[in-house]
Amino acid sequence: AEANEEKMRFFTNVSHEFRTPITLMLLSVEELLKDQKLSPESQRKIGLVHKNANRILKMVNELLDFRKIDFNKMKLQIAKVDMVKTVKDIVQSFGDIATKKHIDLRVKSNTKSILVPLDIQLFDKVLYNILANAFKFTQDYGFIYVQVNQIKDELVIEVEDSGVGMSKEDLSHVFEAFYQGNNKQINSSGLGLALCKEIVELHQGSIVLQSELRSGTTCKVSLPLTTNHEIEVVDYTVDNNIAKTYIANIPVENGMVIEQKEQFANKERSILVMEDNEDMLSFLTEQLGKTYEVFTANNGKDGFELAIQQVPDLIISDVFMPEADGLTTTKRLKEDLRTSHIPVVLLTARSSHEQRLEGLGTMADAYLTKPFNLEVLQATLHNMLSNRELLKQKFTSELPSSGNKEIGKIDKKFINDLASIVEANLANENLSVEEISVKIGLSRVQLYRKVKALLNSSVAEYILNRRLQKARYMLLNEPDLSIAEITFKTGFTSPNYFATVFKANYQCTPSDFRKNA
């Protein structure tokens, strides 16, 4: 008991220590937002701080409430509340977000009023959590239907959504504290639904979730209507500050990412960012978009497909993502010929030595922990791309088949296969990019981008360079061959064309080169 008391005291103290600086942050930010002189860009950035400070406050409050219940320290302040009116008021607080996401939000009841004995200051967190989850995982133009009914001697609240749903495995663990599901249909702190269950059971009620992957979710809460005590009736008023902390967790498409793609489409270098947190994705897109063309995906599955299509110069990926996580996606990227050459930077909140090793074990090129410094991230990206340039120069100054320890096995094999195909077809003056792409198993675009990334040249330039290297070798080592024979053995259409190209690269004609060798 003494150990439990000490544990409870620790969590209480920590929560209060967090609450004070968070409150100061929120108060200061709210004052800044009142400044009419702020530019729209400054307002947006300060708004982002405000939104995420509310998120932290919500998690701190949930942790404190959860521990109070866990250690039987939560004392219910029971009063009779009209739950039809209360539910409608709380649902109404989500009205703006429903409009922004074009979600059909409705509330229905089989009666005008249902008086229920409960602690509304505690129970409203159940409603906020359930609704926030429904909004968070329901895509734009979906629906969220809420029903508040009296069935015999029980209050029954059902929240049905058309969201992403969840697997049977996730459903079986959904009320466990800190459990994180594969598709994240769980509160981001890992406490939301566990706290809901504790609060509902404190009120002698039950909470049940029904869900199928890609088929939506229905949450059903049942509470008894009877009590053995005389209880006063109170009127519930929505606390806008509490509502804000829950709404802050709901992602809203604001068009920013799309705008960034268009705005920075002409940048020389491209980066793919895979991140399921919309705010983080927008922030990285905005900051990196000043230097690079940015492609974005909010899950590993879409990110992998986008990497295949666009073949970016570098990839940044979060570790925890729906559909496919960052570790799995990185491994796939590094094992696929089409993307194996692309450097990958992993971003994660996991910071232990073992977790870093796990990330690097997927062949990721760098591993940064959150919170990260933006300048460190930008320097990391710059250094990785600069090193890639040095590697390209090294390859173009030596025979590609000579091998290099600085690249992976898949890329070495690709370069050797490319060299072998071109070498075997040097005499074919009609050797084309299409023919090589078929032989090597890549599309024309994928072949071009991979050769450009590894060798800093187009496929046509690479073929020409190989022809010239071979011709130079023959001029030096095969004196019995005439210039005309060397011309056709290396795939040039005529001796005159061969002489012109050779002189442009070596500042002398083939004949002069042979004489002076």
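Some points to look at:
- Peptide packing for 158-170, 476-488, 141-153, 115-127 was compared via the average number of neighbouring C-beta atoms within 10 Å per residue; ordered from the highest value, the list is 115-127, 158-170, 141-153, 476-488.
- Cα-based Rg of region 400-516 normalised by 2.2 N^0.38 Å, two decimals: 1.12
- Convex hull (Cα only) mean projected area of region 76-250, reported in nm² to one decimal: 9.4 nm²
- In Hz, Karplus ³J(HN,Hα) per residue of region 109-122 (6.51, -1.76, 1.60; θ = phi - 60°; x = Gly, Pro): 8, 8, 7, 7, 8, 9, 7, 10, x, 6, 8, 5, 5, 9
- For Thr296, residues with placed amide H under 5 Å, excluding near neighbours: Val273
- Legend: distances between Cα atoms for Lys45/Lys101; Lys80/Lys101; Lys85/Lys197; pairs beyond 29 Å are Lys80/Lys101.
- 3J(HN,Hα) from dihedral phi, region 58-64, Karplus parametrisation 6.51/-1.76/1.60, rounded to Hz, x for glycine, proline: 4, 5, 4, 4, 5, 4, 5
- The distance from the alpha carbon centre of region 20-35 to that of region 458-517 is 72 Å, rounded to a whole number.
- Amide H contacts under 5 Å for Val107, placed H, 5+ residues apart: Val146
- Cα gyration tensor shape of region 420-476, rounded if a/c is under 1.5, else prolate or oblate by comparing a/b with b/c: oblate
- Summary value for region 76-250: 28 percent relative contact order, contacts being C-alpha pairs under 8 angstrom separated by 6+ residues.
- Sorted ascending by nearby beta carbons within 10 Å, beginning with the fewest, Cys508, Cys219 become Cys508, Cys219.
- Residue by residue, region 295-305 carries 3J(HN,Hα) couplings of 10, 10, 8, 9, 7, x, 5, 5, x, 4, 5 Hz when phi is fed to the Karplus relation 6.51 cos²θ - 1.76 cosθ + 1.60 (θ = phi - 60°); x denotes Gly or Pro.
- Packing, taken as the mean count of other beta carbons within 10 Å per residue, orders the peptides 324-333, 29-38 from highest to lowest as 324-333, 29-38.
A short reminder: the numbers here are calculations on the coordinates, not readings from a lab. Bear in mind the structure is a predicted one, so any value in this text is a computation, not a measurement. Don't worry about glycine lacking a Cβ; one is built from the backbone with ideal geometry, like all the others, and counts go over all protein chains shown.
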